[in-house]
Amino acid sequence: MLRSSYVLTLATLLVVPGHSQPSSDKPKFDAADVHASAPAATNDGFSLRPGRTEFHGSTLLQMISTAYEIEAAKVFGGPPWLGVNHFDITAKASAGSSKHALNQMLQSLLEERFGLVVHKDERPLPIYVLTVAKGGVKLKESSTEADPDCKLNVENNVRTYACRNVTVENLAERLRLVAAGYFDQLVLDQTGLKGSYDFAFSWMPKAFVASPEGKGMSAFDALEKQLGIKVELKTQPTAGYVVDRINATPTENPAGTLEKLPPPVTEFEVAEVRPSKAKTDGDADMKNGRLTAIAIPLKDLISLAYDMDEDMVVCEKWLETERFDIVAKAAPTASLNELRAMLRTLLQERFKMSVHNEERSVPVFALTAPKKPKLKESDGSARSGCKFGNDNGLRTMTCQNATMTQFTESLRRAAGGYIDKSVVDLTGLKGSYDVTVGWTPFARLRAKKAEPTAGGEVPSAAEPAAMLTVFEAIDKQLGLKLAEQKHPMPVLVVDHVERVPTAN
């Protein structure tokens, strides 16, 4: 399924300790519609802006971190479901409202509709700390006045991150995105370096470095040897907010709320659509109020517009092969949900598309429990959720206080190389569990199988015992079975589409 590159960005500056402003003195939204998200809703991020503010499929943990301008790791305590229950919010704010005022409006909304009560405190957290290595820094001070910019290049499993006019503090913020396999905790700059620099460093993914055949450099070693920046994992007191109280169900919308909200924008300001002449596979990019799709099959565009897996879109075969170029523009502040609505309108108007929803039996990956599972029941105290990581060459997924449904929802994101269809929980298990499972990353397994033997032949039989597919790992480590089968699922049926779009 095509995924847009819309990025949800949270401020990472630490809130200065002090007394919180009383709720009665904080600005408030003019109106706000608050309700639980539909089952299996996708987190489309948020658009916190004057006029129409939107959250779609967001957890209360995400909303609190946004409202108080801190990372989610600095939101302490609260009920176990804080990071798994999803809600939709559409709100109206006065034109010209500042970012700070909008954040305070969100605080007021959480207090009034969910009964949120928080206080500031410090808690010990594991943090990756950046300091100057013994040999000194190996950074070149930047001579450009251009905007800070970084680019990631991947070639033969080597990742190279090249930056210009970037501070070490800003690099610390970026590391969790570009080297997530290594930096799975907060990153803090304690180098004391205040300038802006031009630099580049290269490393290999953790799974390749940790494997027996791995010969590459880790991201930690690359930073120290190539940039002179040492990385250490430390536990230290970190300021944040403690959730004292919050309700799982919001209060009902006041009468007349929907009538007070500004109408959603459902059409692009301008759009150009034409059959593609490109011969290569294309891609789509949807962010900052723009849609750029080059050489994209129409089925992929429909999937993107309705936020559905491609295998859940039922259509004629030609929609998978005939490609189109689309360039469309909206307001830069348009949310991802609004851009999807605009794309649906464009497909309906320019291709005369009509669709309907129904349930059909389609291929899925089903998680079942044909024998007694090897699962540890949770005591229910931990915050529910799953985290991904890498350990000694294995891709790992660790879940706390998670239902099997929550486990399956996270599994596809963790093992995307293996799993290309929806994952459905058919175990029948009703409890919550603490689960840890690890498998060989798909890319490494594929690379290992492609290695020629001493005689020049590609091996086709047994791999080392440590090489486990995600299917084998789930069987051996959890006593569960993950296998492809057909299962009734909601699908989108395309009733009609014109082959030739209307003229621009």
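The values are calculated or read from the model by the stated rules, or taken from the named source; none is laboratory data. Here the structure is a predicted model, which is why all the values come from computation and not from measurement. So basically every Cβ, Gly included, is an ideal-geometry build from the backbone, and we count neighbours across all protein chains shown.
Only one of these is assigned to a loop (DSSP other than H, G, I, E, B) and among the hydrophobic types (A, V, I, L, M, F, W, C): A172, A162, A146, A200. Name it.
That would be A146, the only listed residue that is assigned to a loop (DSSP other than H, G, I, E, B) and among the hydrophobic types (A, V, I, L, M, F, W, C).
Residue check: is L375 of a type outside the set (F, W, Y) and either within 30 Å of V494 (Cβ to Cβ) or within 25 Å of the chain's Cα centre (by Cα) (or both)?
no
With I302, I296 as the choices, which residue is part of a strand (DSSP E or B), in the same structural domain as A334 (by TED's automatic domain parsing) and within 23 Å of V494 (Cα to Cα)?
Working: I302 fails: part of a strand (DSSP E or B).
Checking each option against the conditions leaves just I296.
If I filter the range 464-503 down to residues being surrounded by fewer than 18 Cβ atoms within 10 Å (Cβ to Cβ) and β-branched (V, I, T), which single residue comes out as modelled with the highest pLDDT?
Among them, the one singled out is V493.
Take the conditions of a type in the set (G, A, S), modelled with pLDDT under 95 and over 21 Å from the mean Cα position of the chain (by Cα) and apply them to S335. Does it pass? Break it down into steps so the answer makes sense when it comes.
On the way: of a type in the set (G, A, S): yes; modelled with pLDDT under 95: yes; over 21 Å from the mean Cα position of the chain (by Cα): no.
No, not satisfied.
For the range 391-413, check the following and say yes or no: at least one residue is in a strand (DSSP E or B), in contact (Cβ under 8 Å) with a residue 12 or more places away in the chain and among the small types (G, A, S). Quick ask: steps written out before the conclusion?
Let us first name the residues in the range 391-413 that are in a strand (DSSP E or B), namely 391, 394-402.
Narrowing further to those that are in contact (Cβ under 8 Å) with a residue 12 or more places away in the chain: 391, 394-402.
Still in the list and also among the small types (G, A, S): 402.
Looking for residues that are in a strand (DSSP E or B), in contact (Cβ under 8 Å) with a residue 12 or more places away in the chain and among the small types (G, A, S), one finds at least one in the range 391-413, hence yes.
Within the range 64-102, track down each residue that is more than 30 Å from Q400 (Cα to Cα) and of a type outside the set (K, R).
Across the range 64-102, the qualifying residues are T90, A91, A93, S94, A95, G96, S97, S98, H100, A101, L102.
Pick out, from the range 46-140, the strands (runs of 3 or more DSSP E) lying fully within it that include 3 or more residues that are of a type in the set (V, I, T).
117-132
Is it the case that some residue within the range 375-382 is free of Cβ contacts under 8 Å to residues at least 24 places away in the same chain and assigned by TED's automatic domain parsing to the domain that holds V437?
Yes.
Kindly evaluate G115 against the criterion of being closer than 30 Å to P264 by Cα and surrounded by fewer than 17 Cβ atoms within 10 Å (Cβ to Cβ).
Yes: the conditions hold for G115.
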